[in-house]
Amino acid sequence: MSNTAYIYDAIRTPRSKGKPGGSLHEVKPIDLGAGLLRALQERHDLDTSYVDDVVMGCVSPIGEQGSDIAKMIVQNAGWDESVAGVQLNRFCASGLEAVNTGAQKIASGWEQLVVAGGVECMSRVPMGSDGGAMAGDAAFAISQSFVPQGIGADTIATIDGYSRDDVDAYAVESQRRATHARDNGYFDKSVIPVRDKNGLMILEKDDFIKPDTTMEALAGLKPSFEMMGNMAFDEIILNKYSTLENISHVHTPGNSSGIVDGASAVLIGSEQAGKDLNLTPRGRIVAGSILAS
């Protein structure tokens with residue numbers, strides 16, 4: 001008999017540019033994650049020995065993010081030594097998959113209280129640092145007709161008929177909504193400011209949001225993946241989708257997902273855990289799904 005997986009809290013750090021010069025560049029990934037665990041402990045006066053597992057998604061588990069970063073974060077936060085930790089990687093969906101996994105643990109009845117989320121310091125551990133067969137094994141990549149994600153995004157836009165203006169307009173509206181939400185306090189309950197070891201503020205709110213984004217400004221940006229497409233990747237797509245005559249390279253740095261540093265943590269538990277710890281549910285996880293990733 002399955003249990004209901006309740007969301008008792010959901011928090012994150014502010015997001016900042018994931019390159020040297022970004023506000024969070026000097027913060028280690030284990031410190032970003034540990035700050036969130038300590039925040040959960042303080043917000044709920046949490047007896048951490050009650051937590052069964054911490055599941056963290058991490059796309060590049062190498063270097064400072066290597067080994068089992070989830071367990072390192074647990075230790076860095078000073079949580080009870082009985083608390084386990086596991087890192088998983090499902091590419092860009094890693095944090096979401098961590099939450100799905102945490103919910104499955106609760107629904108199965110195997111565990112009662114789990115923290116799930118993700119951490120990525122792209123300024124310190126750049127995208128692709130962990131290698132892999134798609135990047136390093138030419139024979140395998142060719143056999144799979146591999147193309148980079150950006151080429152895939154441009155292909156979807158081409159197939160579904162999204163123009164450059166369409167995706168730019170979506171980006172402008174996204175920036176407008178994010179600015180409105182940040183400036184009107186919609187994120188305040190969930191965003192945990194990042195401080196240094198002395199308690200001094202490093203970053204209080206998202207600074208990657210670009211409130212002055214306009215269609216005119218975006219129109220001046222060059223496509224991010226056109227040159228890559230000319231390196232035979234467009235040809236791979238056109239061979240697969242014979243109805244296409246060309247690939248419309250509509251994605252740019254201004255309308256694509258950002259390269260950022262940040263971390264998140266969701267407190268997921270059973271009904272009994274909520275009663276035992278006097279936690280109030282904010283939501284429940286009914287189902288999840290995956291496809292191909």
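Bear in mind these aren't lab numbers, they're just calculated from the coordinates by the rules spelled out. Keep in mind that what you see is a predicted model, and the values were worked out from it rather than measured. Here Cβ is always computed from backbone atoms with ideal geometry, including for glycine, and neighbour counts include all displayed protein chains.
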Completion exercise
The answer for LEU88, listing residues at least 5 apart or on another chain whose modeled amide H is closer than 5 Å to its amide H, is MET56, GLY57, CYS58
Exercise for the section: Set Lys and Arg Cβ to +1 and Asp and Glu Cβ to -1, take the dipole of the chain about its Cα centre, and tell me which of SER23, MET127, PHE91 lies farthest positive. Expected result: SER23
Practice task
Take the Cα gyration tensor of the chain, multiply each eigenvalue by 5, square-root it, and list the three semi-axes largest first, rounded to whole angstrom.
Solution key: 36, 23, 19
Practice task
Take every Cα pair under 8 Å in the chain that's 6+ residues apart, average their separations, divide by the length, and report that relative contact order as a whole percent.
Solution key: 35
Completion exercise
Calculated from DSSP helices alone, with each H run of at least 4 adding -39500 (n - 2.57) and the total divided by the residues of the chain, [θ]222 nm to the nearest 500 comes to -10000 deg cm²/dmol
Problem - Exposure rule at most 13 other beta-carbon atoms within 10 Å, DSSP loop chymotrypsin sites (Phe, Trp or Tyr not before Pro): the chain longest free segment - result: 1-90
Fill in the blank from the handout: Two pseudo-spin positions, 7 Å from Cα along C-beta at MET215 and at ARG282, lie apart in nanometres by 3.6
Fill in the blank from the handout: Per the rule of 0.36 nm per residue minus the C-alpha distance, extending GLU26 to ALA169 adds in nm 48.1 nm
Completion exercise
Karplus-derived 3J(HN,Hα) from phi for region 174-191 (6.51 cos²θ - 1.76 cosθ + 1.60, θ = phi - 60°), whole Hz, x at Gly and Pro, runs 4, 5, 5, 5, 5, 4, 4, 5, 5, 6, 9, x, 5, 8, 4, 5, 9, 8
Problem - Likely footprinting exposure, LYS17, LYS240, fewest C-beta neighbours within 10 Å first - result: LYS240, LYS17
Practice task
Search the structure for amide H atoms under 5 Å from the amide H of TYR8, placed 1.01 Å from N in the peptide plane, and list their residues when 5 or more places away or on another chain.
Solution key: LEU267, ILE268, GLY269, ARG282
Exercise for the section: Tabulate in residue order the Karplus-calculated ³J(HN,Hα) for region 120-137, using 6.51 cos²θ - 1.76 cosθ + 1.60 with θ = phi - 60°, rounded to whole Hz; enter x for Gly and Pro. Expected result: 8, 10, 5, 6, 9, 10, x, 3, x, 4, 8, x, x, 5, 4, 8, x, 10
Exercise for the section: Rounded to whole Hz and in sequence order, give me ³J(HN,Hα) for region 235-250 from the Karplus expression 6.51 cos²θ - 1.76 cosθ + 1.60, θ = phi - 60°, writing x for Gly and Pro. Expected result: 4, 4, 5, 5, 5, 7, 10, 5, 7, 8, 8, 7, 9, 7, 8, 9
Exercise for the section: Please give the length that would be gained between ALA135 and ASN246 if that part of the chain were fully extended, namely 0.36 nm times their separation in residues minus their C-alpha to C-alpha distance (nm, one decimal). Expected result: 37.5 nm
